[in-house]
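Each remark here refers to the structure printed beneath this line.
Every number in this text was worked out from the coordinates using simple rules, so none of it is lab data. Because the structure is predicted, anything quoted here is derived from the model rather than measured. Reconstructed Cβ throughout: ideal geometry from the backbone, glycine too, with neighbour counts over all protein chains shown.
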Amino acid sequence: MKKTFILLLSLLLIVSSVSVVFASSNVSDRDLNSNNVMLSYEKYQQLKNEGYISEDVTYSDLLELHTKSKQFEDMLEKDERFTDLELTSETYMYSGDIIITNSTIFDGIAGHAAIAISPSSILHIEGPGHLVSVISRSDFVDKYGSDGWIKIYRMNNKTIAGNAASWAQSTYRNSNAKYVINKDLTSTDKTYCSKIVFQAYYYGAGSNTVHSSWSSVLQSTIMPPYSLPDVLSGGNYSCNYVSNL
């Protein structure tokens with residue numbers, strides 16, 4: 001029942017038509033690398049003019065997404081799957097593991113997501129101005145661990161997870177995909193962190209790894225990092241919290 005409720009909240013977070021509107025005059029221009037502030041209208045316009053936010057994403061879209069993402073983050077932290085576990089020598093990162101951190105790198109989408117392509121390597125895209133890159137596990141921890149938590153989520157089928165990792169690597173490693181926040185989850189020339197992870201499972205491992213409710217919104221939504229564990233729990237597959245990284 002609890003997981004169902006979280007899934008429903010995740011769906012609401014994405015497809016809700018209720019706008020959360022903030023007057024731009026009431027939102028100050030804050031540092032992009034902050035997880036608790038919202039993007040100012042001036043910064044939104046700047047990023048849009050620079051091509052980092054697509055024409056189909058409005059200012060209200062980002063503010064609503066940020067607000068609901070923070071609510072969803074708070075709920076995840078109270079869920080039993082999100083209880084901190086002590087790291088031991090047995091803690092292992094597998095290909096296809098989903099890495100989520102609350103050390104955000106782009107305001108408007110709270111949090112950051114990546115996918116492990118080996119026990120020691122993680123594929124991700126950092127943010128505006130960056131291309132997709134592969135970073136070592138230790139460097140990822142150094143980069144994102146000091147300002148928040150880093151969690152590992154794992155698909156309950158290693159073959160499926162491996163297929164997702166292979167797709168992510170063959171599609172995005174050394175690609176020229178640009179960092180752009182858009183509402184199209186099907187394209188690979190423009191992408192962002194959690195979109196890569198979603199696509200890896202939807203296209204690389206099979207759409208049955210994704211909850212069926214998401215198939216109807218592939219070209220009309222933004223995928224937040226915090227919703228991935230529940231989005232990637234379809235059919236006989238589930239994505240569960242393993243440990244901190």
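Listing for the model above:
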quantity: Subset of the range 223-245 that is surrounded by fewer than 21 Cβ atoms within 10 Å (Cβ to Cβ) and touching a Lys or Arg at 6+ places or on another chain (Cβ under 7 Å) - its residue that is nearest to A161 (Cα to Cα); calculated: N240
quantity: The range 145-180, residues that are in contact with a Lys or Arg (Cβ under 6 Å, 6 or more places away or on another chain) and assigned to a strand (DSSP E or B); calculated: K178
quantity: Candidate set from the range 118-144 (those that are among the aliphatic types (A, V, I, L, M) and in a strand (DSSP E or B)); member that is surrounded by the most Cβ atoms within 10 Å (Cβ to Cβ); calculated: I125
quantity: Qualifying residue in the range 187-207 (condition: surrounded by fewer than 18 Cβ atoms within 10 Å (Cβ to Cβ) and over 27 Å from Y44 (Cα atoms)); calculated: yes
quantity: Test: residue in the range 196-211 that is more than 18 Å from the chain's Cα centre (by Cα), over 25 Å from G127 (Cα atoms) and in a helix (DSSP H, G or I); calculated: yes
